[in-house]
Structures are given as C-alpha cells and as structure tokens.
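Shown next, in structure tokens, is the structure this report addresses.
The values are calculated or read from the model by the stated rules, or taken from the named source; none is laboratory data. Treat the numbers as computed from the prediction; the structure is a model and nothing was measured. In this analysis, Cβ positions are derived from the backbone assuming ideal geometry, glycine residues included, and neighbour counts consider all displayed protein chains. Note: areas computed on protein heavy atoms with side chains; ligands, DNA, RNA excluded. Shrake-Rupley method; radii C 1.70, N 1.55, O 1.52, S 1.80 Å.
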Amino acid sequence: MNQNSERVIIFDTTLRDGEQCPGATLNIDEKLAIAKQLARLGVDIIEAGFAFASPGDFEAVSRIARTVGKADGPTICSLARARKDDIKVAADAIAPAAKGRIHTFIATSDIHLQYKLRKSREEVIATAEEMVAYAKSFTDDVEFSPEDAGRSDPEFLYQVLEKAIAAGATTVNIPDTVGYTTPSEFGALIKGIKDNVPNIDQAIISVHGHNDLGLAVANFLEAVKNGARQLECTINGIGERAGNAALEELVMGLYVRKQYFNPFLGRAPESEEPLTNIDTRQIYKTSRLVSNLTGMLVQPNKAIVGTNAFAHESGIHQDGVLKNKLTYEIMDAQSIGLTDNQIVLGKHSGRNAFRTRLGELGYDLTDNELNKAFIRFKDVADKKKEISDWDLEAIVNDEIQQAPDLFRLDLVQVSCGCNSKPTATVSLYTPEGEELTDAAIGTGPVDAVYEAINRVVNVPNKLIEFSVQSVTAGIDAIGEVTIRLKHEDRVFSGRSANTDIIVASAQAYVNALNRLYSYLVNQQKQEKVTLRA
Ligand code: KIV
Ligand code: ZN
C-alpha cells in the first residue's frame with residue numbers, strides 16, 4: 001500500500017505509548033487480552049511495546065507476535081531507539097509474527113539535539129540512515145520517526161526523511177511529541193513533507209501526537225486531508241501526560257463524516273467504501289477492556305465512549321429524539337457496539353448458555369478462564385436475579401484481569417454505622433501460603449478495611465484515587481471499584497467488581513498491592529519485601 005492508499009491505516013499504540021501513563025502498567029496476560037481485542041477491532045498494526053525496555057516488555061511483544069501476529073492478523077511492531085542493541089532486541093521480539101515491523105526513532109528538534117542528544121544535525125542524519133538500514137536487515141517493514149517533528153525545522157526534517165526513506169523506511173511517522181501544533185500548522189507540515197521530500201512516494205506518511213492542548217485528533221484529521229495515511233492512536237486516548245490521539249474519536253470522525261473526507265482520499269464523496277478497516281461495533285467493548293485493565297477511568301463526557309456520550313438529558317432534546325433520532329444524534333449507539341444491555345441470564349442458566357452468550361459478546365476464553373468466570377457468575381446470580389450483558393462483562397473482565405496472585409483475600413468483615421467506630425477484620429494468604437489475620441479501625445468501612453490490609457501486607461503506599469461505579473441500575477447492581485495507589489514515584493492500579501462494594505474495594509486494593517509487590521520483587525528491593533517479616 002503506498003501513501004496514496006485507498007484507506008487510512010490504523011496503528012494502535014495503546015500497549016506502548018498508552019501504557020506509558022502513570023499507573024497504566026499491564027502484565028503480560030493483560031497485554032495479550034488487549035492485543036487479541038485490538039485484532040478483533042481490526043487495527044492494522046499493534047505497537048506491542050518497547051522490547052528493549054525490560055525482559056518483561058520483550059516477553060510481551062514476543063508473545064503477542066506469536067499469538068496475535070498471524071498471517072490474517074495485524075502487523076506486530078516494536079519500538080526501538082536508533083541504536084543497534086535496541087533494534088536487535090526489537091527484531092528478536094517481533095520475529096514470531098507473520099508480519100513484523102520495527103519502529104525506530106531519533107529526535108530532530110534543535111531543543112532535543114542540543115540538550116538531550118548533544119548531537120549535530122549531520123550526526124542525527126547519519127544515525128537515522130544507518131539505523132534504518134540496520135533495521136531493514138531484519139524486516140522489510142521499517143518505520144522511522146523524527147521525534148519532536150512538530151517543533152523541528154521543516155527543512156531539516158525533509159532531509160532526514162529523504163535519507164531514512166532511501167535507507168529503507170516504508171513508513172515515516174511525524175510525531176507532535178509535546179502536543180504543541182495547531183491543526184492548520186500540522187496539516188501544513190504534512191503538505192510540506194509531501195511537496196519537498198523527493199522520494200516520499202516510496203513511503204506512507206504517518207502521524208503521532210499527544211493531546212497537551214486537546215488538539216491531537218483535530219491535528220490528525222487535518223493531516224489526513226493533507227496526505228497522511230497512517231494514524232497512531234490509543235484506545236480512550238490514554239498515554240503520556242494528556243495522552244495520545246484517541247482511536248475511537250478518529251475512527252468515528254472518519255466514519256460519521258465519510259462524505260467529507262472521501263475526496264481527500266481521491267474518492268467520490270458518496271463512496272460507501274469504509275475509510276478504515278475498523279469494526280466500529282467493537283469500539284465500546286475495547287474501551288471498557290482497556291479502562292478495566294489499566295484502571296484508567298473514562299470521563300463520563302468523553303466523546304464516543306463516555307457513559308453520557310449517547311444520553312439525552314434536556315427535555316427539548318429528548319422530545320426531538322423521540323420524534324426523530326436525527327434531530328440530535330449524529331451516530332447510532334449501536335455503531336460502536338453499545339447494545340441495549342439486555343437481561344440475558346439468571347440463576348438457573350447453565351454453563352452452555354453462559355459460554356454461548358460470552359461468545360456472542362465476542363469473548364474467547366480459555367477453559368480455565370471460563371471455569372473461573374462461571375463460578376463467579378453463579379455467585380453473582382445467587383445474589384442478583386437477572387444478569388445483563390454489562391454484568392457479564394464486569395464478571396469476565398474481573399477474571400481476565402491478571403493481577404499477580406501473590407496475596408489472596410480470604411475474609412473481609414466490617415462493622416460500621418451511626419455512633420460506632422468503623423472496624424474491619426481481614427484475613428489474607430501471603431505469597432508463601434500462610435494465613436494472616438488483622439483488624440483495624442478507620443474513618444469509614446473502606447478505610448478500616450484498607451488499614452487492616454496494610455497491617456498484613458506492610459508495603460508502604462499512598463492511596464491516590466478511589467472510585468466506585470455501578471455497572472447497571474438497581475439496588476442489587478454490581479459495583480466496580482477502581483483504585484490507584486502510589487509507592488515512591490510509581491502508580492499502581494487495581495480494580496474489582498462485586499455486588500458487595502466493601503468486598504470489591506478490598507479486592508481492588510489487594511490487586512493493586514499485588515502489582516506493587518510484584519514490582520518490588522522484580523526490582524529485587526529486598527529491603528521493602530522483607531518489611532512484612
Ligand atoms: O511521542 C513521540 O514522539 C513518540 C515517538 C517514539 C514516536 O512516542
Ligand atoms: Zn508518543
């Protein structure tokens with residue numbers, strides 16, 4: 001596909017740039033679950049990680065390459081700095097994929113050259129050329145990014161890109177690394193590249209951008225109008241600082257305004273040909289999965305996937321929608337896979353019905369995951385008469401969520417109420433299998449539970465976010481608790497769903513502590529780990 005390609009290529013970087021936001025750290029099984037869902041969503045390329053960053057990152061990229069990178073699946077990509085050791089590790093990690101890409105980058109703005117790289121422009125050009133050629137010795141599919149392109153001298157950028165393409169780059173990606181440009185500037189930058197890089201017809205122009213000024217999606221759409229054919233984005237727009245351009249906003253922008261964008265891709269305005277390969281009905285589910293596993297909540301008014309995105313509150317709007325949806329709706333909730341939250345199962349539903357409905361919802365669980373989820377389902381169905389699709393989703397996401405099973409919650413008991421001191425007793429199994437019980441008083445029942453858990457686990461941390469949301473309406477609804485805690489300068493998240501929100505709160509906290517604990521073990525910070533002794 002060349003840069004005048006008939007459609008827009010979607011490059012998802014949720015697992016690389018998205019995972020770079022504080023607290024979004026995912027373990028390998030969670031990354032794999034997201035990668036599988038991204039494949040169902042229909043993304044063209046999954047940037048699965050930065051393989052050189054750690055053995056865990058390498059393992060994640062390599063497992064995704066092996067499991068999701070099938071011939072009919074997405075291309076699997078690893079990021080690599082413009083260094084031989086980085087590129088070699090990236091090449092090894094993507095090797096199991098049927099289609100693998102190495103994405104190598106070096107900064108090109110004067111600020112980065114002077115203060116970060118301490119390199120001259122000539123040195124940067126030489127490095128880019130040499131490292132693209134080196135990456136090309138491992139795979140035909142090489143992407144090159146001049147980091148901070150948005151603040152680079154365009155004339156210098158043209159030179160770097162020309163050399164990178166001549167050395168074998170098949171995609172040149174233009175990052176607005178600090179989210180600084182405006183739509184007309186970014187569009188002009190892409191046009192300048194098209195007009196001034198002599199061999200640009202041998203590469204696809206891609207764009208990458210951060211949302212510091214809230215302009216990333218607008219910038220990308222302007223870039224498409226000026227010749228960009230690959231968009232680098234993340235689910236729910238997660239990522240470094242204010243995040244990346246949101247996949248769901250870009251895709252639905254191109255979907256809803258197809259007639260407007262068609263001519264920029266050389267098509268007749270009324271052409272029905274989709275502009276991307278994305279199955280838009282998978283968007284909502286992907287958004288929920290990423291939010292659940294990363295612990296990064298989606299704001300209610302978030303475009304496309306926020307809980308209020310399709311809600312009409314004002315009487316005038318409701319009246320209009322009842323008369324004709326077109327009065328106030330530019331897209332159908334079903335187009336992103338938001339179903340009518342049907343009541344589907346109940347206490348007497350069997351394993352087959354459970355498995356069938358999950359299949360219809362697009363979940364593809366292993367036997368082990370299915371067994372665990374079914375036990376949870378029976379437990380919830382005992383307490384809650386009717387189980388809806390959303391309840392099922394909460395149950396399954398809870399089971400897929402693979403917080404390391406180091407500490408296991410066994411018992412939570414609270415006593416609280418008016419004129420009483422909230423008191424909690426908890427029992428946990430330690431990673432060594434010993435059962436420990438402790439009790440504490442708190443300002444409220446959740447605080448008491450957390451204090452008691454802290455007495456057992458004894459890993460210093462500060463709770464920085466606690467949120468509880470109900471999955472459905474009704475007094476018997478499942479409550480989803482998401483928490484984020486901080487240890488030194490790192491953030492860890494935990495999530496759990498239960499009809500009892502105190503139990504969900506305790507489990508979410510244990511999940512986050514397990515992530516923290518496993519991080520400490522991995523870092524071999526023995527002095528912290530032995531604090532419990
Ligand atoms: O923001 C950025 O510049 C990046 C590059 C590595 C593409 O993430
Ligand atoms: Zn980035």
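Just one of the listed residues (S206, S184) is in the same structural domain as G253 (by TED's automatic domain parsing), among the hydroxyl-bearing types (S, T, Y) and touching a strand residue (DSSP E or B) at 6+ places or on another chain (Cβ under 6 Å), and it is S206.
Yes/no matrix, rows are residues, columns are (1) of a type in the set (V, I, T); (2) surrounded by fewer than 22 Cβ atoms within 10 Å (Cβ to Cβ):
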site: T14; (1), (2): yes, no
site: E30; (1), (2): no, no
site: I46; (1), (2): yes, no
site: P74; (1), (2): no, no
site: R81; (1), (2): no, yes
site: I102; (1), (2): yes, no
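Exactly one residue among D438, D476, D447 is within 17 Å of V380 (Cβ to Cβ) and either open to solvent by 40 Å² or more (accessible area, probe 1.4 Å) or assigned by TED's automatic domain parsing to the domain that holds L392 (or both), and that residue is D476. Tell me which residues, restricted to the range 50-67, are out of contact with any Pro (no Cβ under 7 Å at 6 or more places or on another chain) and away from ligand 1 (no atom under 16 Å from the Cβ). Matches in the range 50-67: S54, P55, G56, F58, E59, A60, R63, I64, T67.
Looking only at the range 109-161, filter to residues that are farther than 19 Å from V197 by Cα and of a type in the set (D, E, K, R); which one of those is nearest to ligand 2 (Cβ to nearest atom)? Checking each candidate, the answer is K116. Of the candidates I193, I235, the single residue that is away from ligand 2 (no atom under 14 Å from the Cβ), farther than 13 Å from N173 by Cβ, hydrophobic (A, V, I, L, M, F, W, C) and touching a helix residue (DSSP H, G or I) at 6+ places or on another chain (Cβ under 8 Å) is I235. Specify the residue that is nearest to Q37 (Cα to Cα); the eligible residues are those in the range 211-268 that are among the acidic types (D, E) and surrounded by fewer than 23 Cβ atoms within 10 Å (Cβ to Cβ). In this case the residue turns out to be E249.
One residue stands out in the range 68-103 among those that are touching a Leu at 6+ places or on another chain (Cβ under 8 Å) and either part of a helix (DSSP H, G or I) or within 16 Å of ligand 2 (Cβ to nearest atom) (or both): the one that is nearest to D57 (Cα to Cα), namely A90.
A residue that is surrounded by 24 or more Cβ atoms within 10 Å (Cβ to Cβ), in a loop (DSSP other than H, G, I, E, B), within 16 Å of ligand 2 (Cβ to nearest atom) and in the same structural domain as N199 (by TED's automatic domain parsing) occurs somewhere in the range 50-66.
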